[in-house]
Amino acid sequence: MTPATQLAASLATTLADEKKSAAVTDWAARLGWLVGLALFVALVYWLMREGWKWRGTLQSDLPALPEVPDDLGPEKLSMSGRYHGSTTAGQWLDRIVAHGLGSRSRAELTLTDEGLAVERPGATDFLIPADALRGARLDKGIAGKVLTEGGLLVVTWAHGEKLIDSGFRSDHAAEHTTWVETLNQMTNHTEGAR
């Protein structure tokens with residue numbers, strides 16, 4: 001064998017050996033990255049939670065919500081659907097979180113002469129007294145929830161020194177128009193009686 005053929009044979013053997021060996025996985029580095037990522041996600045979650053609690057502290061001047069009485073009187077309208085949150089009136093991104101108003105949930109709405117009862121399983125129930133109602137409208141969004149045009153029933157009401165918009169979505173969106181008309185007639189009647 002000539003030196004050129006020996007060199008060619010050794011190169012072929014070396015190349016064949018390189019093709020057979022796989023890269024070794026550095027499990028310690030991968031585990032380090034995984035732990036680092038988990039810690040980063042936990043930090044972001046903790047910061048979001050602290051921000052939510054801080055917003056609640058800033059809104060601590062809001063009085064406690066009126067409780068739903070046992071006897072509401074005769075029912076004008078009722079609706080089941082979702083409660084999407086409350087904001088400062090006219091500022092659809094300024095979410096109110098004090099007293100559980102920031103918690104989205106299922107909701108059962110009942111409108112009577114006493115006011116609007118909002119019953120929420122797993123969250124605080126509250127009553128919007130009839131004299132606190134300021135109006136209702138159809139809208140497309142409130143505090144992080146955007147729907148199609150007119151897909152959200154927004155009820156404006158006074159609580160303490162603050163005007164609040166609360167967003168609801170019925171399981172049957174066709175009901176929204178009836179709710180807007182009835183609530184606006186009720187607020188016009190209430191304002192005329194003052």
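Among Thr187, Thr156, Thr182, Thr148, which is the only one that is hydroxyl-bearing (Ser, Thr, Tyr) and either assigned to a strand (DSSP E or B) or under 15 Å from Gln91 (Cα atoms) (or both)? Give the derivation first.
Working: Thr187 fails: either assigned to a strand (DSSP E or B) or under 15 Å from Gln91 (Cα atoms) (or both); Thr182 fails: either assigned to a strand (DSSP E or B) or under 15 Å from Gln91 (Cα atoms) (or both); Thr148 fails: either assigned to a strand (DSSP E or B) or under 15 Å from Gln91 (Cα atoms) (or both).
It is Thr156.
Being more than 12 Å from the chain's Cα centre (by Cα) and surrounded by 16 or more Cβ atoms within 10 Å (Cβ to Cβ) is the filter; apply it to the range 82-96 and report the residue that is modelled with the lowest pLDDT.
The selected residue is Trp92.
Which one of these does Thr5 not meet: (1) open to solvent by less than 100 Å² (accessible area, probe 1.4 Å); (2) at pLDDT 70 or above; (3) in a loop (DSSP other than H, G, I, E, B)?
(3) is the only condition that Thr5 fails.
Tell me, which residue of the range 124-174 that is of a type in the set (Gly, Ala, Ser) and open to solvent by 30 Å² or more (accessible area, probe 1.4 Å) is farthest from Ser86 (Cα to Cα)?
Here is the first cut: in the range 124-174, the ones of a type in the set (Gly, Ala, Ser) are 130, 132, 135-136, 141, 143-144, 150-151, 158, 160, 166-167, 170, 173-174.
Checking the rest, the ones that are also open to solvent by 30 Å² or more (accessible area, probe 1.4 Å) come to 144, 160, 173-174.
Working: Gly144: 11, Gly160: 15, Ala173: 19, Ala174: 22 Å.
The residue in question is Ala174.
From (1) surrounded by 15 or more Cβ atoms within 10 Å (Cβ to Cβ); (2) modelled with pLDDT under 90; (3) over 18 Å from the mean Cα position of the chain (by Cα), pick out the condition that doesn't hold for Leu116.
(2)
Please work out if Glu191 is at pLDDT 85 or above, out of contact with any Lys or Arg (no Cβ under 7 Å at 6 or more places or on another chain) and over 26 Å from Arg49 (Cα atoms).
no
Please indicate, with yes or no, whether at least one residue in the range 40-55 is touching a strand residue (DSSP E or B) at 6+ places or on another chain (Cβ under 8 Å), more than 17 Å from Lys162 (Cβ to Cβ) and either open to solvent by less than 20 Å² (accessible area, probe 1.4 Å) or not in a strand (DSSP E or B) (or both).
Looking for residues that are touching a strand residue (DSSP E or B) at 6+ places or on another chain (Cβ under 8 Å), more than 17 Å from Lys162 (Cβ to Cβ) and either open to solvent by less than 20 Å² (accessible area, probe 1.4 Å) or not in a strand (DSSP E or B) (or both), one finds none in the range 40-55, hence no.
So is His99 touching a residue at least 12 places away in the same chain (Cβ under 8 Å), over 20 Å from Glu181 (Cβ atoms) and crowded, with 21+ Cβ neighbours inside 10 Å or not?
Taking the combined requirement at face value, the residue does not satisfy it.
Name every residue in the range 102-111 that is open to solvent by 20 Å² or more (accessible area, probe 1.4 Å) and part of a strand (DSSP E or B), in order of residue number. Let's see the steps before the verdict.
Pass one, the range 102-111, residues open to solvent by 20 Å² or more (accessible area, probe 1.4 Å): 103-104, 106, 108, 110.
Passing the criteria: Arg106, Glu108, Thr110.
Go through Lys162, Lys145 for me and flag whichever is at pLDDT below 90 and farther than 23 Å from Ser60 by Cα.
Of the residues listed, the single one that is at pLDDT below 90 and farther than 23 Å from Ser60 by Cα is Lys145.
The values are calculated or read from the model by the stated rules, or taken from the named source; none is laboratory data. Values in this document were obtained by computation on a predicted structure and should not be read as measured data. Methodologically, a virtual Cβ is constructed for each residue, glycine included, from the backbone with ideal geometry; neighbour enumeration extends over all protein chains shown. The protein model used for the area step is the full one, side chains on, heavy atoms only, and it has no ligands, DNA or RNA in it. Shrake-Rupley method; radii C 1.70, N 1.55, O 1.52, S 1.80 Å.
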